[in-house]
Amino acid sequence: MLNTVRGATGWHYGGGVGFNELLDDLDDSAAAQAAGIKRGYGGPPARTVSVSSGMTRLRCASLLKPLYAWVTAARIPDADRWRRHAEPAVVVSSNADTLNLWLAVGPRIILDDLRERTGVAWSPPNGDPSRFGSVEVAAGEVALAYAVLAQAAAAGDPAAETVLGWMGQVAEPQAFGVREALGWPDAAVKCGWYGAPDETLLRTHAVAVQRRGGTRVGVAVAMTALPYTDAYEREVYRERVGKGLPVEAEHEKVGGALLRGLMAATRTELGRP
């Protein structure tokens, strides 16, 4: 775990170059987190890194879609139907297909299955459980869950292997350049992005998984919620979302640089492969 110091907006890295420069100048209303895990039998001792500023938990947007796809495979008897919805949920971040899995199996069952498999406990969102993107998570929890997914694939879990393969197909601009920032060109990647009508923030999140042979794996996660207060820009954003138009470029403008910076700093703190 990183050495940290508590600041006015949360925990900041206090042990060297990287996280301080990224987080110290954030607006007081902003939040950012990063976490990483490196572990696996036959490799060096397990290592984790974690840093946060601002809110301790953030809405996950689409960051958990591959995990939902993984656990629903065992709950949907028709394998073709599962693949028909799970693949686009992961590869192109299809909300409609994710919602099909989420409601067909049930939010509580999906999250209970994830807890059983990964040890990470998440709760259905308050108010409207059908909103899969409103589950609140911490970056360290996300890193742990994806490390378990990757090691399950290494142990022969076919659904986990399939899901990681789909994550390897996620293309720009939906990957926000995180593979390049990490120096992991073949990483399995998933990003999430959204700005809800009741928020004055844009949330942009990313996870990357790098398999290193056997059960050895590296995972890096970054999560950001940055101010997005211009009334006109927010109205245009909501209109685009309502029409099903892409909004990744707006997230790139607001949070792309910070997202990549957090991922790169996490990779540095995890050390060499």
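Read-outs throughout are calculated quantities, based only on the coordinates presented, and are distinct from any laboratory measurement. Note that this is a predicted model, so its numbers are computed, not measured. Please note: Cβ atoms are built from the backbone with ideal geometry, for glycine as well, and neighbour counts cover all protein chains shown.
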Sorting check: for 106-112, 34-40, which peptide has the highest mean count of neighbouring beta carbons within 10 Å, and how do the rest follow?
34-40, 106-112
Which of E136, E235, E248 ends up with the largest GNM mean-square fluctuation for the chain, with Cα atoms connected below 10 Å?
E235
Neighbour-count ranking [beta-carbon atoms within 10 angstrom, fewest first] of E269, E252
E252, E269
E235 to D27: FRET efficiency via 1/(1 + (r/R0)^6), r the Cβ-Cβ distance, R0 22 Å, to the nearest 0.05?
0.55
Using every pair of alpha-carbon atoms in the stretch 92-251, split the distances into 5 Å bins beginning at 0 and state the percent of pairs per bin, rounded to integers.
1, 8, 15, 20, 22, 17, 11, 5, 2, 0, 0
Note, A143: beta-carbon cut-off 13 Å, +1 each Lys/Arg, -1 each Asp/Glu, net +3
Which of N100, N126, N20 moves the most in a Gaussian network model of the chain with Cα springs under 10 Å?
N126
